[in-house]
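Down below is the structure, laid out as structure tokens.
The values are calculated or read from the model by the stated rules, or taken from the named source; none is laboratory data. Because the structure is a prediction, the values reported are computed rather than measured. Ideal geometry is used to build each Cβ from the backbone, glycine not excepted, and the neighbour counts take in all protein chains shown. Calculation scope for accessible area: heavy atoms of the full protein, side chains included, ligands and nucleic acids excluded. Shrake-Rupley method; radii C 1.70, N 1.55, O 1.52, S 1.80 Å.
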Amino acid sequence: MSIAVSRENEVFLLSTKSTSYAFGIDDQGLVRHLYWGRRLERPEELEMPVLTEVSTNDPVLEITPEEFPVYGGLRYKEHCLKATFADGTREVVYRYCGYELAQHETVQELVLHLKDAHYDFLLDLHYKVYPDYDLMERSVVVQNQSAQPITIQQLHSGQFHIPYEGLNFSNVHGHWGAEQQRFVQKVGYGAIVIENRRGISTHNHNPYFILDRDATETSGEVYFGALRMSGNFSGVVRQTQYGETLAQLGLNPHDFALELQPGQSFEAPAILYGYSHRGFEAMTHNLHRFARQRVMRPGLRPVLYNSWEATEFAVNCAEQIKLAHKAKELGAELFVLDDGWFGQRHGIDNGLGDWYVNQDKFPHGLEELIDAVKGLDMKFGLWVEPEMVNPKAQLYQDHPDWIYHFDTRTSDTSRGQYVLNLAKEEVQRFVYETMDGLLTRYDIDYIKWDANRPISQTCLRQDIWVTHIRAVYDIVTRLKQKHPHVLFEACASGGGRIDYGILGIFDDFWTSDNTDACDRLSIQDAYSYLYPIKAMRAWVTDCPNFLSQRVIPLSFRYHSAMMGSLGIGCNILKFTPQDVALSRQMIAQYKEIRPIVQEGDFYRLDNPSPNRYFLYEYLKGEQGLLFAFLPQSRVGHRGTTVRLRGLEEDARYTVHTPQGDVTKSGRCLMQCGLPLHLHGDYASALIPFTKEGSSETPFDTQSGGSTT
Ligand code: GLA
């Protein structure tokens, strides 16, 4: 059993394979947090000390570590919920009313029922346990059973307590073209707030917290939580005055209000959370496995070619067909036609909303290109940006009231476009029917769904910050029910929609418009802490890179992109015979190693050298890969030592180095490591290894597996 209840003192102990999380009902009727850490066995051993105030200014409510603190009473700390009742009362007082346990296949769920002392306002705290992944998930459902509306002004999905000070907090910062810049900072007194206020997406921070006690990849305690939601989130980490650190994640209270009408309920986005006493690697492996096995659609992702950087808006059928032929010659399996194919789309300022094929660019319809692509035995993908409209588009002329706006204000354009008001049912219907129409009429296997601007001039509703993204989730979910073979890529001006809310509804993430192979190493590294490699779309693009102006050898660009789901975004019609030969070789190799890259365990390896090597390992069963990069050889120009991880100590492994095969025990490869010396600038290597006596054919071209 993963959930144990001690009825005596009403303590709930939630346990996975190696972790436990506990809380109970205290003498004040509060849901009090008790424990988060390594696995415990007996809930009755957990104590519920009677708390007394530190002083009149430090009341008991303030010092009680609550699972779900509400706004009200002598509480001045972070609260998860603030509600205003119809009579103006702005305080919630809850009573514990009992619990329920449910078993859903392999997952146990606990629901704690809380109810307001005066109003018919119910709060259900939900906890799910995923024992094999060392993960749990929590959320809250608020329900109005009264006859009057209730306004929710703040709703965080839960509070976590870590009984230490001086933790390290890590997340990412950045902006367009510079997403996923990892940072680590000490938690001091005061709060750290990460958030998104843009509605559509965020390139700035990601909706998760990682708190560690000087952990490394393989040692030390790590506490983490990831919000299952895109759009306006907020996360607060605060070291309190009482020797602990708390963390919350949930809907951003910025400009937010949700009217709960009588009889209505609302489920806050869930938080996936966990604990590791073996450093970041265990966190990554548990989340990656959970994502692959329980969140994402199964199957390997195809190697795609995307024509955006080659042709931008100036698409025409003949050139796209030429690109498709070339892409096929290189080994691509999916051809994606990006922006520019519809309406009067010749630049950013027109076309969005007019989702019919541009006759001048495709005089014989899109079928001509699709038939050519299918004739090459490739899949076909299409770019869309369905949440948007350009002022010049016919859709806007017909429905000027379909955009977010205030009647007395001018709505701002950004990238020459407005955002459609997806809180309106007729707009949701339009988006669904437009997409369904495209997917029904054309033989499409892949949709790249973009969103290139934030929301402004929201309209009078203050819940659109969550309503909008939930409408997107709902539309895509329904489209996939009707067109189950279609893969959806989540893009928002690059990597603006990477989170555990959208994953599973969408299949792939566009990681960043920054396709510089060197910048991508750190972007991909930061991404990998939480998010699965299979969803990480990575393209090889032309040099000089449009952003960095850097010229990087094609082999380095391939190696960098082969660390994720490989795509090609070059103008391949300009490829030299050497580029073609190298591309064919690299793409063929990628297909061989794809199951290991997309479905193996991922390791961020240590680099002991003063020279800045990037070293990564992938391991699946008896086969593994080492990716090594040296963007710039520096002072001393030294080599490094690669200590592999995750091997069987007594097994022997053959490492296929460029200098020849080396066979050593797992113990030796993990402890002594292998010397590796790359030379010059933008040096890279992809080194496979195999367990001796492996029944798996080492890197057989046939083992590439099938793709979804
Ligand atoms: C966004 C995406 C790009 C490309 C363009 C097309 O910027 O991130 O990959 O699709 O839109 O306009």
Rounded accessible area of C459 (nearest 10 Å², 1.4 Å probe): 20
With a cut-off of at most 12 other beta carbons within 10 Å, and DSSP calling the residue loop, which chymotrypsin sites (Phe, Trp or Tyr not before Pro) in the range 354-449 qualify? Please list them. F406
How high is the relative contact order of the range 412-527? Use alpha-carbon pairs under 8 Å, at least six apart in sequence, and give a whole percent. 26
More than 50 angstrom apart: percent of Cα pairs within the chain: 16
Once both label points are put 7 Å beyond Cα along the C-beta direction, the K374-S18 separation in nm becomes 5.0
Residues of the range 533-571 with the amide nitrogen closer than 11 Å to a label point 7 Å from the Cα of A588, along Cα-to-Cβ, please. none
Cα extents of the range 317-397 along the principal axes, largest first, in whole Å, come to 43, 23, 16
FRET E, pair D401, Q28, Förster distance 45 Å, beta-carbon r, rounded to 0.05: 0.35
Contour excess over end-to-end distance, with Cα ends at Q457 and D579 and 0.36 nm allotted per residue: 39.1 nm
Could you compute the FRET efficiency for R415 and E648, with r as their C-beta to C-beta distance and R0 at 60 Å, rounded to 0.05? 0.70
Sequence gap at least 6, Cα distance under 8 Å: using those rules, report the relative contact order of the chain to the nearest whole percent. 10
Once both labels are modelled 7 Å past Cα along the beta-carbon direction, what's the E319-M48 spacing in nm? 7.0
With viscosity set to 1.306 mPa s and temperature to 10 °C, compute the Stokes-Einstein D of the range 115-162, Rh being the Kirkwood radius across alpha carbon pairs; µm²/s, no decimals. 123
Can you figure out the FRET efficiency of E91 with S265, using R₀ = 30 Å and their beta-carbon distance, to the nearest 0.05? 0.90
Sum up the charges of everything whose Cβ sits under 13 Å from the Cβ of V31, counting Lys and Arg as +1 and Asp and Glu as -1, but leave V31 out. -2
Show me the chymotrypsin sites (Phe, Trp or Tyr not before Pro) within the range 209-242 that DSSP assigns to loop and that have at most 16 other Cβ atoms within 10 Å of their Cβ. Y242
Full extension between H637 and R429 adds, at 0.36 nm per residue less the Cα distance, a length in nm of 68.8 nm
Note, ³J(HN,Hα) from phi for the range 147-159, Karplus 6.51, -1.76, 1.60, rounded to Hz, x at Gly and Pro: 8, 10, x, 10, 9, 9, 9, 9, 8, 9, 7, x, 10
With θ taken as phi - 60° and the coefficients 6.51, -1.76 and 1.60, list the Karplus ³J(HN,Hα) couplings across the range 203-213 in order, rounded to whole Hz; mark glycine and proline as x. 9, 7, 10, 10, x, 8, 10, 10, 10, 9, 9
Could you name the lysines in cross-link range of K664, using Cα to Cα under 16 Å and dropping any fewer than eight places away on the same chain? K691
For the range 167-326, what's the relative contact order in percent, using C-alpha pairs closer than 8 Å and at least 6 residues apart? 20
Per the helix-only calculation at 222 nm, which mean residue ellipticity applies to the chain, given -39500 (n - 2.57) for every DSSP H run of n ≥ 4 and division by its residues, nearest 500 deg cm²/dmol? -6000 deg cm²/dmol
Helix check for the chain. Which DSSP H runs span at least 15 Å along their own axis by Cα, with a mean Kyte-Doolittle hydropathy no less than -1.0? 279-290, 317-330, 425-441, 464-482, 517-528, 577-599
For the range 285-359, the percent of accessible surface on carbon and sulfur atoms (probe 1.4 angstrom, ligands and nucleic acids excluded) is 50
The ³J(HN,Hα) series, computed from each phi in the range 620-625 with the Karplus coefficients 6.51, -1.76 and 1.60 at θ = phi - 60°, rounded to the nearest Hz and given as x for glycine or proline, is 9, x, 9, 10, x, 9
How large is the dipole of the range 489-574 about the Cα centre if only Lys and Arg carry +1 and Asp and Glu carry -1, each at its Cβ, rounded to the nearest 20 debye? 200
Theoretical gain in end-to-end length, A257 to H679 [0.36 nm per residue, Cα-Cα removed]: 146.1 nm
How about the range 1-109: which chymotrypsin sites (Phe, Trp or Tyr not before Pro) there lie in a loop by DSSP and see at most 12 other Cβ atoms within 10 Å? Y76
